[in-house]
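Student: Dumping the structure here so I can ask a few things about it.
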Amino acid sequence: MGDSNLNHRQCKDSPHAYLENQWKLVPSFLKVKGLVKQHIDSFNYFINVEIKKIVKSNETILSDVDPLFYLKYKDIYVGKPEIEEGFNIIRSTTPHECRIRDLTYSAPITVDIEYTRGNTRILRNNLLIGRMPIMLRSSNCVLTGKTEFELSKMNECPHDPGGYFVVRGTEKVILIQEQITQNRILVEKDRKGGVMCQVTSSTHDKKSRTTVIMKRNKYYVGHNALQDDIPIMVVFKAMGFESDQLIVQMIGSEPLIMSRLLHSLVECEDVCTQLQALNFIGKKMRQKRFFSAGSKPKSPVDDARDLLATTVLAHVPVENFNFKGKAMYLALMIRRVIQAQDDPEMLDDRDYYGNKRLELAGSLLALMFEDAFKRFNSELKTIADKIIPKIKAAQFDVVKHMRQDLITNQLTLAILTGNWTIRRFKMERHGVTQVLSRLSYISALGMMTRVNSQFEKTRKVSGPRSLQPSQWGMLCPSDTPEGEACGLVKNLALMTHITTESEEGPLAQIAHNIGVESISLISGDEVYKPGVFIVFLNGNLLGITVNHERLVNILRMLRRCGRISEFVSLYVHHRHHCVYISCDGGRLCRPYIIVEDGRPLVTAEHLNELDQGIRRFQDFLNDGLIEFLDVNEENNSMIALDEKNITINTTHMEIASFTLLGVCAGLIPFPHHNQSPRNTYQCAMGKQAMGAVSYNQLNRIDTLLYNLVYPQTPMVKTRTIELINYDKLPAGQNATVAVMSYSGYDIEDAIIMNKASLDRGFGRCLVYRNAKCSLKHYPNQTFDRILGPLMDAETKKPPYKHEILDGDGIAAIGQQVKERQILVNKSMPLLNIASPGTPQATLPEYKEVPVSYRTSAPSYVEKVMVSSNHDDAFLIKLSLRQTRRPEVGDKFSSRHGQKGVVGLIVEQEDMPFNDQGICPDMIMNPHGFPSRMTVGKLIELLAGKAGLMTGTYKYGTAFGGAKVEDICDELMANGFNYLGKDVFYSGITGEPLQAYIYSGPIYYQKLKHMVQDKMHARSRGPRVVLTRQPTEGRSKDGGLRLGEMERDCLISYGASMMLLERLMISSDVFDVDVCGSCGRLAYSGWCHGCQSSASVSHIKLPYSCKLLFQELQSMNIVPKLTLKNYCD
Amino acid sequence: MGKKNKVTLNEHNVTNTADDFEDLSSDMKENLKDFRDKFRIDIVKYDHEKFEFDMIGIPPAIANAVRRVLISDISDTIINGKPDHHLFPFLKSELEGVNFESVEEVKQAVHSFIRGHAERLPRTRHPKAVLLVLVSVSDLLGSSWLCGEVPTMAIDRVHMLNNTSLMQDEVLAHRLGLIPLKADPRLFEYRTEEESEGTDQDSLQFELKIKCSRNVAAGNDKTLPDDLYIDHKVYSKHLKWIPIGGQEDLYKEEEIGPIHDDILIMKLRPGHEIELRAFAYKGVGRDHAKFSPVATAHYRQLPEIRILRSVAGEKARRLATCFSPGVIGIKKNKEGTEEAYVIDARYDSSSRNVFRYDDLKDCVEMTRVSDHFIFTVESTGALSPDILFIEALKTLKKKCKELSDQIP
């Protein structure tokens, strides 16, 4: 401690002003990368790089029938988005066109191929094999690199982040999927408490899991292709390491480890040679279900050898059956297990974020594309096999059999449904994609940063749900939903970057050049000598080094000067004696300012240059002033929060501490003063707030769109708000709030509203809904049609239903639509049963299938669109609009997780007023504060009030922002009370109030829950056909359910008649005849069982009960009713 | 004045806020003469939009009643029937007399008005004390010659003929409604619901017809919308009054229309076009805030500051900063040290910032005079604020009368 104090002083002595504006690096970072850079980068990598790799690894198709036949892919390209308009007219398109016309925003995938037709070799270039949905703002999107003006010409919002797909008119996001890292050794406790080591290997075409466990003091290798666990010695021997000494040396010749291995050595005395071992393994192999036709089954020995070479630890390469690397890897796994048995600190933490990888749209699509491409190829192969033997006039031309729709459909359907079925991995995931929520700008942005974990939501474990220290700065600590998905669904922090793959080869070469000795050159023993560090590259053993510091320093230097990718991570694990070099994709990382000798390398000069626009973020990276650290490398760094905290050991400094929050939590002013769950609540509610959605909001025809009529920029802003352009697309209004109690209609968080404020437009919102229909052509040459409105012959006026129709049979723009009126007067031809041969002499008969308006509150027709959709049918879309002013019961919320409904709307003259004559827009009950502890809200009010006085926005940035003391001074200078409390007069009695009232502006959000959409009552109404009970739900005008618990209350109270009335008479009462003698139901006074009417009685029964009896009877169970006289 | 009618501003609360109403009224009943002597209206500031005056010697309830009437209630009491057309010339002359040039003139006029009618104050008209006070006070304040009603005219119905702009019809109509109109509402009737068409008696018709187009004359170097487009901003001045029936003869062109010409209604871009007919009707603030004749109407009680013990030197300067400028002065006392004194507490904002300093907080006592009301009436412009005030009093009086008539 003393040492660090000393260092402090050393730094402070220097005449050096602290950096102040390093946060300016954040906007420049976001300018380069954009808010959803993760998605776009990953997709770009896929369509530009990875897709070529996939094709390369599946490049040839051969036929079993004709040895001369081959097809070879030479290259693949993804083009620019375009649409087909029938008759092969192809033209480029914009995302917005696709959105409103229900099309898919996709680009052609073309290949260059070389193949044989008969005996000639043919080259074909730019052959279309399918269409790839294109991510908006990716490298192939038409929006990329466009100016605001150009975007507006394409009807696109400049603030729209992109990163999603438009598939059949819906916007779909491929959520970020969190996964446990692959190809890494993980040592964990298993269910029984024993230690086990697990490696999930994943290569392009294989996924397998290898485990090392201990049973009865012996070690075993488990694998999903093996029926049983195999003793480790057998595995080593099968790999060709027959000497026990060699094996033990590889695992480690420390006495402790050797003694642990004793039992395992003894166990496989019988298996000595490689052949014996392979035989042993071959017998334990799981039987393959299908043999590919033609190939003959291999011997168990060969099978076992293949298994060891390709499937067990699949990611470790084995060339020419040289198992050295793999054996060493396995030995290391065993060593880790042994070490962890003695030292629990050697156990790995599954929830630690360095052990996690995030899967993005690009990699998920790559999986899907490879699957589709393989299927495409195998289909071509089967066609070739089938057709080539047949002698035909024309020679077999494989190009004619290439169907485009296979790849197109598989990709679009996957994105549309979210079902990710990858056959080769037997992977089946649901809900991978979601419809982009356009409720508000924030909800759309929030969706793009969402991280979904694969964990089961129902399991009751706290580990994966709790906040991990390693999530610091990478994932937002506040933004997670409540309830079952709590902690499993996370959100990225503002500056988090997710890496994409970079080349391994050069990195390995450099490492070897620096002095990493290849593992194939050394025996086992040297590896574990003190001072020797094992070097891993992406989970693969690269070699060992004696001077790990030099290795890391040189690599780090190379990274800082840009010779190797900036996202390469170098992580020295001292306990493992390992250096982990990673350049794989899906790691979380974020930028930091590099600190050397107690000084940040970024200086005020650099920041000036940034201001002047001479420097960009990339320049900082190139000059080695800033670098990216991933979660693992953070462990080797000493990161100061700000310059004051820098000591001589500090290696890095934060750029801005507010970036540890995400997009949603970034909206909250003074979040560091709030109780933490309140920030979490706001993160959920910010997504429900109404406001501006995007600049093109009025051009869109969405199913549901909420808009505020007068959205305002918050008085108290944060840096994040400016960075994400929330000030340009806000969702809320600055309400003047008085914190006081009023009238008793404000209990339980209810809000009192000023009627005059509502009259003047506070909280007024627009609700847009759409109505859609398409006119289809039918195979029998008939088609749907639209007719104009009917006219009454006498009055020359259309009937009520057709009142709003224009001459073309579609509702006119600007018309008010009331319930049951027709929007599109469509009719459909009836199916003609007449045989298709007879000529259609008569016109087909039509059935009316109008699109009618069902909601009780009227709407106005905002716009009508007539176009054609993807199958060339007419598409008609109407946008309907409602304007709503707040009413009692509408939900509002501030930015501090304090939601409330309007409890009372008060005339302005009844509202309290202060010396200046200011009437609050809203009164909030002070009881909302003590238990919620949202001090941030109090400060927001104070800062907002001061901002009003000076005419400036105030900042409430997390861990920064305006200071309360300064705000108080400002208030005082402007003649306000320094505590923000003013004298108010009661609007009712006219006397001054006895308390000073805390009042000022607070940013309030109107949430989408409005009474108008929820209120519901019913006396009589529709019933379900089957049970004759009232229907359920507001949309079906359903009844209000008297549930189990309510029933329990009535029973316990003894209100039996009430119970009978609620459960039977008001529900599904039914008159039946029951035969007293046989107990079965009779029919109109006659028992069919007894053939008599002697003892038939008439009773009332719930219809559902009668139904149950009959259903039971149909299953040969006869329920019988025993009747008794009431008086007996 | 005794301690009794002083409201004290303490550090954390306000004490002595409410005078017992019963007490006060009985006081007043007995000392009606006293009340009449004490009651005063002083006009402090007057211009055509803002009107500040002091009302001294009345209970807060009555001051508040006036305020409430101003905001929304004016002419809650509606006389059914047609307006007195023979009264019209008389009314007009009365009004002309009230548009004053200087503060002094207003002062005189209001005083003569009030005093003139105060003479006819009935002694004891009703046994019920409260009512008596109310009636008598309002009688004292108001006149009896005409039952007042001062609602305002505001656009209430819009016939949208064409609207290709970005703004939704409802929003545009709402915005039009909030534009204050220049038209004496006393000359109009309330519109009856049965009539579908407005008549010249009850409605004003306006037309808004505007189309934005590209400015062909603009050079290529121009980038601002102002240069590029013609008619791209719709202002309130674009609302054109279209007389109905005989309105043309009754009103002059400049008497009718929006008060402010430069209220931005919306922005257009080339191709956008608006054509609409807007109908203004008479209404009261209770129905919708747009009918409220005032922007604000409020009062505050007169602040008083007493320095309890002498504050000198740096403390004195610090004390001065705790109040609004010009409230606390600093002068040299006999010993030659600088000492704080109260110049005028009237314009103190009652910010009570002395309580921020522990050493100063017990040096001063801040109170407010509970029967001295500093009234501020800010008109939206349809009628000048002084007329609004007088009209408010008339309404108040009418209400009191109605109430007293209902009590046997």
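Student: Loop only per DSSP, at most 15 neighbouring Cβ atoms within 10 Å: give me the chymotrypsin sites (Phe, Trp or Tyr not before Pro) in segment A:1051-1128, ordered by residue number.
Tutor: Counting only loop positions with at most 15 other Cβ atoms within 10 Å, the chymotrypsin sites (Phe, Trp or Tyr not before Pro) in segment A:1051-1128 are A:Y1126.
Student: Simple spin-label model, 7 Å along Cα-to-Cβ: A:S1066 to A:M258 in nm?
Tutor: Here the answer is 8.6 nm between the modelled labels.
Student: Evaluate E = 1/(1 + (r/R0)^6) for B:E254 and B:K211, where r is the Cβ-Cβ distance and R0 equals 25 Å; express this FRET efficiency to the nearest 0.05.
Tutor: 0.45
Student: Report the gain in length on full extension from A:D1013 to A:L68: 0.36 nm times residue separation, minus Cα-Cα distance, nm rounded to one decimal.
Tutor: Taking 0.36 nm per residue and subtracting the Cα distance, the gain is 333.3 nm.
Student: Given axes a ≥ b ≥ c from the Cα gyration tensor, I'd like to know whether segment A:907-1004 is rounded (a/c under 1.5), prolate (a/b larger than b/c) or oblate.
Tutor: Prolate is the answer for segment A:907-1004, as a/c is 1.5 or above and a/b outweighs b/c.
Student: With every protein chain kept in place and ligands, DNA and RNA left out, what is the accessible area per residue of segment A:713-766? Probe 1.4 Å, answer in Å².
Tutor: Accessible surface, normalised per residue, equals 27 Å².
Student: If you don't mind, another one. How would you rank A:758-768, A:607-617, highest first, on the average number of other Cβ atoms within 10 Å across their residues?
Tutor: Per-residue mean Cβ counts within 10 Å order the peptides as A:758-768, A:607-617.
Student: How large is log10 I(q)/I(0) at q = 0.17, 0.19, 0.22 Å⁻¹ when the Debye formula is applied to the Cα atoms of segment A:389-501, each weighted equally and without solvent?
Tutor: Values, matching the q order: -1.05, -1.21, -1.32.
Student: Any chance you could check the Cα centroid distance between segment A:666-712 and segment A:508-569 for me, in angstrom?
Tutor: For segment A:666-712 versus segment A:508-569, the Cα centre distance is 48 Å.
Student: Another question, then. Residues with beta-carbon under 10 Å from that of A:Y955, excluding A:Y955: net charge, scoring Lys, Arg +1 and Asp, Glu -1?
Tutor: Here the count lands on +2.
Student: Excluding residues on the same chain fewer than 8 positions from A:K826, give the lysines whose Cα lies under 21 Å from its Cα.
Tutor: By straight Cα distance, A:K826 reaches A:K772, A:K776, A:K797, A:K801, A:K818, A:K847, A:K863, A:K877.
Student: When only C-alpha pairs under 8 Å and at least 6 residues apart count, what is the relative contact order of chain A, in percent?
Tutor: About 9 percent, as a whole number.
Student: Cross-link candidates for B:K252: which lysines have Cα within less than 29 Å, leaving aside residues fewer than 8 places away along the same chain?
Tutor: Cross-link targets: B:K50, B:K82, B:K92, B:K182, B:K209, B:K211, B:K233, B:K237, B:K240, B:K282, B:K290, B:K394.
Student: Residues in segment A:654-674 near a label at A:K33, defined as backbone nitrogen under 15 Å from the 7 Å Cα→Cβ point?
Tutor: Within reach of a label on A:K33, which here means backbone N under 15 Å from a point 7 Å along Cα→Cβ, segment A:654-674 contributes A:654-663.
Student: Still on this model: Would you tally the net charge around A:P829, using a Cβ to Cβ cut-off of less than 14 Å, leaving A:P829 out, and scoring K and R as +1, D and E as -1?
Tutor: +1
Student: Considering only protein heavy atoms and a probe of 1.4 Å, how much of the accessible area of the protein assembly as shown is carbon and sulfur, as a whole percent?
Tutor: The C+S portion of the solvent-accessible surface of the protein assembly as shown is 52 percent.
Student: What distance in nm lies between label points placed 7 Å from Cα along the C-beta direction at A:E379 and B:A218?
Tutor: 5.4 nm
Student: Here is a further query. For a Förster distance of 35 Å, can you work out the FRET efficiency between the beta-carbons of A:S139 and A:A485, rounded to the nearest 0.05?
Tutor: The calculated FRET efficiency here is 0.60.
Student: Which of the three applies to chain A, rounded, prolate or oblate, going by the alpha-carbon gyration tensor with a ≥ b ≥ c and a/c under 1.5 meaning rounded?
Tutor: Here chain A falls in the oblate category.
Student: Using Cα centres only, tell me the gap between segment A:159-214 and segment A:571-611 in whole Å.
Tutor: 26 Å
Student: Right, something else. Just to confirm my numbers, what's the Cα centroid distance between segment A:982-1040 and segment A:715-750 in Å?
Tutor: 19 Å
Student: Under 17 Å Cα-Cα from A:K1106, which aspartates and glutamates qualify once same-chain neighbours fewer than 8 residues away are excluded?
Tutor: Qualifying aspartates and glutamates at Cα under 17 Å: A:D1068, A:D1071, A:D1073.
Student: How much net charge surrounds A:G1033 when only other residues with a Cβ under 15 Å from its Cβ are counted (Lys, Arg +1; Asp, Glu -1)?
Tutor: +4
Student: In addition: At 30 Å minimum axial length over the Cα atoms and a Kyte-Doolittle cut of -0.5, report the qualifying DSSP H helices in chain A, or say none.
Tutor: A:361-387
Student: Taking every DSSP beta bridge with both residues inside the protein assembly as shown, roughly what % is antiparallel (nearest 5)?
Tutor: 90 percent
Student: Take the Cβ-Cβ distance between A:R1034 and A:I387 as r, set R0 to 41 Å, and report the resulting FRET efficiency rounded to the nearest 0.05.
Tutor: With a Förster radius of 41 Å, E is 0.10.
Student: Separate question: Once you put a point 7 Å from the Cα of A:N21 and another 7 Å from the Cα of A:T703, both along the Cβ direction, what distance in nm separates them?
Tutor: Once both label points are built, they end up 4.8 nm from each other.
Student: Mind putting a number on the dipole of segment A:564-619 about its Cα centre? Charges go on the C-beta only, +1 for Lys and Arg and -1 for Asp and Glu, and I need it in Debye to the nearest 20.
Tutor: 320 debye
Student: Just checking the output field for B:289-296: average partner chain Cβ neighbours within 10 Å of each residue's Cβ?
Tutor: Average per residue, whole number: 3.
Student: Taking beta carbons within 10 Å but only from partner chains, what does the mean come to for residues A:988-1001?
Tutor: If you average over the peptide's residues, the count of other-chain Cβ atoms is 5.
Student: Let me ask something additional. Dipole of segment A:785-923 (Lys/Arg Cβ +1, Asp/Glu Cβ -1, origin at the Cα centre): which of A:T795, A:P850, A:Q816 lies farthest to the positive side?
Tutor: Result: A:P850, furthest along the dipole toward the positive end.
Student: Averaged across B:346-355, how many Cβ atoms of other chains sit within 10 Å of each residue's Cβ atom?
Tutor: 5
Student: Can I ask one more? Over all distinct alpha-carbon pairs, what is the Kirkwood Rh of segment A:621-737 in angstrom?
Tutor: Taking every pair of different Cα atoms in segment A:621-737, averaging 1/r and inverting gives 17.3 Å.
Student: What length, rounded to one decimal in nm, is gained on full extension from A:K728 through to A:S743, with 0.36 nm per residue of separation minus their alpha-carbon distance?
Tutor: 1.7 nm
Student: Please tell me the relative contact order of segment A:21-132 in percent, rounded to the nearest whole number, where contacts are Cα pairs under 8 Å and at least six residues apart.
Tutor: 20 percent
Student: So, one more: How much length would be gained if the chain were fully extended between A:Q994 and A:L127, taking 0.36 nm per residue of separation minus their Cα-Cα distance, in nm to one decimal?
Tutor: 303.8 nm
Student: Here is a follow-up. To the nearest 100 Å², how much accessible surface do chains B and A hide from each other in total, with a 1.4 Å probe?
Tutor: 3800 Å²
The values are calculated or read from the model by the stated rules, or taken from the named source; none is laboratory data. As the structure is a computational prediction, the values presented were derived from the model and not from experiment. Please note: Cβ atoms are built from the backbone with ideal geometry, for glycine as well, and neighbour counts cover all protein chains shown. Only protein heavy atoms, including side chains, enter the accessible area calculation; ligands, DNA and RNA are left aside. Shrake-Rupley method; radii C 1.70, N 1.55, O 1.52, S 1.80 Å.
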